[in-house]
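Student: Structure incoming, see below.
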Amino acid sequence: MLKGFMLFLFVVLVFPATGKAQTMIAGVPVNCVDAYGVPVMTIPAPQLGDVGMARIEPNGVRVIYLNPIILNVLPRPIQLFWYAHECAHHHLGHTYGFQQLSREKDADCWAIRIGREQGWITPKVIDVMAHYFRGNPGSPWGHLPGPQRLQNFVNCYNL
Ligand SMILES: [Zn+2]
């Protein structure tokens, strides 16, 4: 009985009211599980200096943080792409430290392929993405510069 109560308290404490396993992105119900099938929470993070971030919190909760200020003004498929990209970091085990070198490229690829399978990434959407990513300089921690990133999108779409 006590054990059950403790577990209940634990669940209440580690799952903040704003985070839940299923969430809505651009009006679409979405879900994410990590490399071991553990559900990933999504938490809005308007203070985040980027569109999104994937991490395992010290208490073990798997989280996708998304900045609604940046995300909500983007076209619907690009919003879904960012969610899928952050989910990929959990799903491909990057949050456990797997595949450090190519993780950004691999997360993009996984997101593009999931989007193609689910029908929200089409060649037309990739053209729209070209507009958004064209001037992107990339980052020292693995984001490809815009033109290379787009080529990776196209290659992954055609895999
Ligand atoms: Zn990433």
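Student: Within region 86-96, can you find the residues that are within 23 Å of Ile126 (Cα to Cα) and surrounded by 21 or more Cβ atoms within 10 Å (Cβ to Cβ)?
Tutor: Taking region 86-96 and keeping what is within 23 Å of Ile126 (Cα to Cα), we get 86-89, 91-92.
The answer is Glu86, Cys87, Ala88, His89, His91.
Student: Hey, Arg55 hits all of (1) in a strand (DSSP E or B); (2) more than 12 Å from the ligand (Cβ to nearest atom) but one; which does it fall short on?
Tutor: It is condition (2) that Arg55 fails.
Student: Restricting to region 32-77, what's the tally of residues that are of a type in the set (S, T, N, Q) and surrounded by 13 or more Cβ atoms within 10 Å (Cβ to Cβ)? Talk me through it step by step, then tell me what you get.
Tutor: Step one: filter region 32-77 for residues of a type in the set (S, T, N, Q), giving 42, 47, 59, 67, 72.
Right, trim to surrounded by 13 or more Cβ atoms within 10 Å (Cβ to Cβ) and you get 42, 67.
The number of residues fulfilling the criteria is 2.
Student: Condition check: within 22 Å of Arg149 (Cα to Cα) and either among the aromatic types (Phe, Trp, Tyr) or buried (at least 22 other Cβ atoms within 10 Å of the Cβ) (or both). Does Tyr83 satisfy that? Lay out the reasoning, then the answer.
Tutor: Values: within 22 Å of Arg149 (Cα to Cα): yes; either among the aromatic types (Phe, Trp, Tyr) or buried (at least 22 other Cβ atoms within 10 Å of the Cβ) (or both): yes.
The answer is yes for Tyr83.
Student: Which one is farthest from the chain's Cα centre (by Cα) among residues in region 100-159 that are among the basic types (Lys, Arg) and within 16 Å of the ligand (Cβ to nearest atom)? Give the steps one after another, and end with the answer.
Tutor: Residues of region 100-159 that are among the basic types (Lys, Arg), as a first pass: 103, 105, 113, 116, 124, 134, 149.
Still in the running and within 16 Å of the ligand (Cβ to nearest atom): 103, 105, 113, 149.
Details: Arg103: 12, Lys105: 13, Arg113: 13, Arg149: 16 Å.
It comes out as Arg149.
Quick note: the coordinates plus some simple rules give every number you see, no bench work behind them. Quick caveat: nothing in here was measured; it's all calculated off a predicted structure. Every residue, glycine as well, gets a Cβ built from its backbone with ideal geometry; the counts of neighbours run over all protein chains shown.
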